[in-house]
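Here the structure is laid out as structure tokens; the discussion comes afterwards.
The values are calculated or read from the model by the stated rules, or taken from the named source; none is laboratory data. Being a predicted model, the structure only gives us computed values, none of them experimental. Here Cβ is always computed from backbone atoms with ideal geometry, including for glycine, and neighbour counts include all displayed protein chains.
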Amino acid sequence: MVDERVRARVNLFGVLKALELLPEYDAVSREITDSVDLCVEFRVPTVDRGRLHIHNSRIRLEGPAGLGGSFTLPKPHVVLACVSPRHFNAVIDGEKQPIPLKGIRRLGRLRNTFNPLTERLTYYLRPPNDAIAHSSYHAASTRLTACVALHALSEIANHDRASVELARRVPDGTIQFKVHSDIGLYVEVKDGRLRTVFGEHEDPRCILWFSDLETLDGLLRGTLQIYQAIGSGRMGMKGFVPMVESMNPLLDRIPLNLGE
Amino acid sequence: MIDNGHHLSTGESRGYEESRALFRRAAQVIPSGIPGHMGPVQAQFIPIDAYPFFAERAHGSYFWDVDGNRFIDYLCAFGPNVLGYNNPVVEEAAERQRRLGDTMALPSRQQVELAELLCDTITAAEWAFFMKNGNDATTLALMVARAATGRKKAVLVRNGYHGVAPWTQHSGRPGVLEEDTANNLYVDWNDYEQLEQLVRDHPNEIAVFMSSPYHHPVFHDNELPAPGYWEKVQELCRRHGIVLAVDDIRAGFRLNMAGSAEYFGFVPDLACYCKAIGNGYNIAALVGSEELRDAASRVFYTGSYWYGAVPMAAAIATINELSRIDGPRLMNEKGRRLTDGLVKAASDWGVTLKVSGIPSMFYLRITDDDSLMMTQEFTAEATQRGAFLVSHHNHFINTSLTEDDIETTVSIAHDAFRVVAQNNPERISTGNGVESRGIL
């Protein structure tokens, strides 16, 4: 059974996080966000607040930091609330509308920016059959999917009841996920809490690497024979491998907490 | 077949083409290609291209891969090779029995003689029960403890290893249910107070405390028991009617012929044996106290090949030979000389190598980083030069290891540490590495 609260966190801090990468890989998204300055805050009861800032083809998403719940992003132009995690998940699925609490005059601008952006994200995360053949599409799709999956991983590990116990077994340290000369994401682990970060950590405790995006894509979509891939050198790991081993059951829980 | 009889000089790398070709075939017909602890993933072959995947043959302290590369083997088949591969005494005994019969309609004379030998050899043994693998022995130990006490729970040491049956694993792993481990309780190694608290918290619920005689987890330094630990544990178990089971599958006969418990000064109610008792022939044993004989009789536990007489004949020969040559002392002396050489070789390049555990089952870790990446570089470089080493697991010494093998290995290690030092200038100390080790 899916915990709507966990799924809402995955949507808020996992799926929407991938919007940050979108202008980099997608010309249409760059065009949509060009000359835009718009900050929107989502409020989801029992989950959290998330603030999304679109500024001149750059997108940033963050949650509140620390006990005071402060943001580094500017104050929101628009605040959108949901009555429940389920409501927010339905908003992300395009089935319901959020409740605007602030910035009603900017809703038109938001609709013209945010909605087409999420459509572009959906286009990459749910590959249409005719798009698979294009290599540039394929690469962007893999990068964005990896971003969603690894950010979802931290949310699930920190908030899913069944996963919290599994997360406690993950040794402290940083595990780096990388594709040769391409994307880098790492997950910091401290006392059973996980945090996903873009980039390359200077001193990871463990590295899980992929020879190419195709291999990573196979892993993310569940089509890769992992042991064969390691045996044949298409992917590998080094360092304190118990980090990967203890993270495996958490990785298995990602599809359960992502929508269609 | 090309017999690369000598280790390769610096910079050369071994060809594993045939290993890789066989792996591609294996992947078509065997899940993961090589499942289990010998698979390249679980065996931590890092980087993967430094290691062979398949062996062609073995003799003494060596094995040859399917590409003809020879390795000085410090995994010893993960323990079973204790007298050297193809030891003539063991092979002759096995061959003699093979001509008479192996798996037959009835148990053989060998079964009785092997049980008598184990009872004569191991302090804690007043009976012996035979099976095939270590996991069979630990599972029977759990069943016997439950049958004897009428209790459900087992206390295990965190990060300890007792096999692969679902009860020995963690829930969340594929195929392992929460219910499989629902009766397990865990304590940290060497933490008597934690164990005592657990016993207080679960009165009349704990059937067994199962532990290896010293802590030899993977990926971590091995740890010997603190002074007085086992005496207190034994007394606690006796006082609360908890069966004390020692898992001597890995260390058995590599520390003391009378059992590792004898070495550490305690007497368990049950002791599990496997790896070293048959020198590669497939046999395991659970031995136990008089008090548990009846419970062991009542448990129904068996297997099609558990009565095979050839492995029993091999085990008799192995144990007698180990006793004759004082195998544990020999292996620990060889292990000591080897690890002293390795520590010195590391130190020569400013690398700090920590040796832990017992010398006959040494675990190696470079302490200059906590990720094991430098250790993995070292073991890969050493393996490519002909000394088969891994980064996650303790190693094993066998009695056939020669002084030449030790010298060659230290020379290989010297070359390997040079590469590690060159690759990690920011991590290594400028002074000499500091030796650190376990007992003996």
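Some points to look at:
- Annotation note: Cβ proximity below 6 Å between a residue of the stretch A:227-242 that is more than 7 Å from chain B (Cβ to nearest Cβ) and a residue that is assigned to a loop (DSSP other than H, G, I, E, B) (sequence gap 6+ or interchain) occurs for A:Arg234/A:Ser211.
- Test: residue in the stretch A:208-225 that is facing another protein chain (nearest Cβ under 9 Å), part of a loop (DSSP other than H, G, I, E, B) and either in contact (Cβ under 8 Å) with a residue 60 or more places away in the chain or surrounded by fewer than 19 Cβ atoms within 10 Å (Cβ to Cβ) (or both): yes
Yes or no, residue by residue, for (1) within 22 Å of B:Ile412 (Cα to Cα); (2) touching a His at 6+ places or on another chain (Cβ under 6 Å):
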| residue | (1), (2) |
| --- | --- |
| B:Gln44 | yes, yes |
| B:Arg70 | yes, no |
| B:Tyr74 | yes, yes |
| B:Ala93 | no, no |
| B:Arg98 | no, no |
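- Test: residue in the stretch A:245-253 that is within 23 Å of B:Arg24 (Cα to Cα) and either more than 9 Å from chain B (Cβ to nearest Cβ) or outside any helix (DSSP H, G or I) (or both): no
- Subset of the stretch A:1-10 [of a type outside the set (Lys, Arg) and touching a strand residue (DSSP E or B) at 6+ places or on another chain (Cβ under 9 Å)]: A:Ala8
- Which listed residue is surrounded by fewer than 15 Cβ atoms within 10 Å (Cβ to Cβ) and at pLDDT 90 or above, from A:Arg168, A:Arg126, A:Arg120: A:Arg168
- Among residues of the stretch B:251-277, those that are out of contact with any helix residue (DSSP H, G or I) (no Cβ under 8 Å at 6 or more places or on another chain) and over 16 Å from B:Ser211 (Cα atoms), counted: 0
- Selection count where residues are touching a helix residue (DSSP H, G or I) at 6+ places or on another chain (Cβ under 6 Å) and farther than 18 Å from B:Tyr305 by Cβ, scope the stretch B:84-112: 3
- Some residue of the stretch B:129-138 being assigned by TED's automatic domain parsing to the domain that holds B:Val299, touching a residue at least 60 places away in the same chain (Cβ under 8 Å) and farther than 17 Å from B:Arg250 by Cα: yes
- None of B:Leu338, B:Leu342 is buried (at least 20 other Cβ atoms within 10 Å of the Cβ), touching a Pro at 6+ places or on another chain (Cβ under 9 Å), of a type in the set (A, V, I, L, M, F, W, C) and on the phi < 0 side of the Ramachandran plot except B:Leu338.
- When B:Arg158, B:Arg151 are checked against the criterion of being touching a residue at least 40 places away in the same chain (Cβ under 8 Å) and either under 15 Å from B:Ile283 (Cβ atoms) or in contact with a strand residue (DSSP E or B) (Cβ under 9 Å, 6 or more places away or on another chain) (or both), B:Arg151 stands alone in meeting it.
- Unmet requirement for B:Phe209, which otherwise passes all of (1) surrounded by fewer than 20 Cβ atoms within 10 Å (Cβ to Cβ); (2) out of contact with any Lys or Arg (no Cβ under 8 Å at 6 or more places or on another chain): (1)
- Test: residue in the stretch B:417-426 that is buried (at least 23 other Cβ atoms within 10 Å of the Cβ), at pLDDT below 95 and either in the same structural domain as B:Trp64 (by TED's automatic domain parsing) or over 27 Å from B:Thr121 (Cβ atoms) (or both): no
- Identification of strands (runs of 3 or more DSSP E) wholly contained in the stretch A:42-133 with 2 or more residues that are of a type outside the set (A, V, I, L, M, F, W, C) and not assigned by TED's automatic domain parsing to the domain that holds A:Glu155 yields A:48-55, A:58-62, A:99-102.
- Residues that are out of contact with any Lys or Arg (no Cβ under 7 Å at 6 or more places or on another chain) and farther than 14 Å from A:Glu119 by Cα, drawn from the stretch A:4-30: A:Arg5, A:Val6, A:Arg7, A:Ala8, A:Arg9, A:Val10, A:Asn11, A:Leu12, A:Phe13, A:Gly14, A:Lys17, A:Glu24
- Residue list for the stretch B:247-261, restricted to those being touching an Asp or Glu at 6+ places or on another chain (Cβ under 9 Å) and under 13 Å from B:Leu286 (Cβ atoms): B:Gly259
- Restricting the first member to the stretch B:88-106 and to residues that are in contact (Cβ under 8 Å) with a residue 24 or more places away in the chain and surrounded by 13 or more Cβ atoms within 10 Å (Cβ to Cβ), and the second to residues that are of a type in the set (D, E, K, R) and assigned to a helix (DSSP H, G or I), the beta-carbon pairs closer than 6 Å and six or more apart or on different chains are B:Val89/B:Glu321.
- Test: residue in the stretch A:195-206 that is more than 14 Å from chain B (Cβ to nearest Cβ), on the phi > 0 side of the Ramachandran plot and surrounded by fewer than 20 Cβ atoms within 10 Å (Cβ to Cβ): yes
- All positions within the stretch B:296-334 that are outside any helix (DSSP H, G or I) and not charged (D, E, K, R): B:Val299, B:Phe300, B:Tyr301, B:Thr302, B:Gly303, B:Ser304, B:Tyr305, B:Trp306, B:Tyr307, B:Gly308
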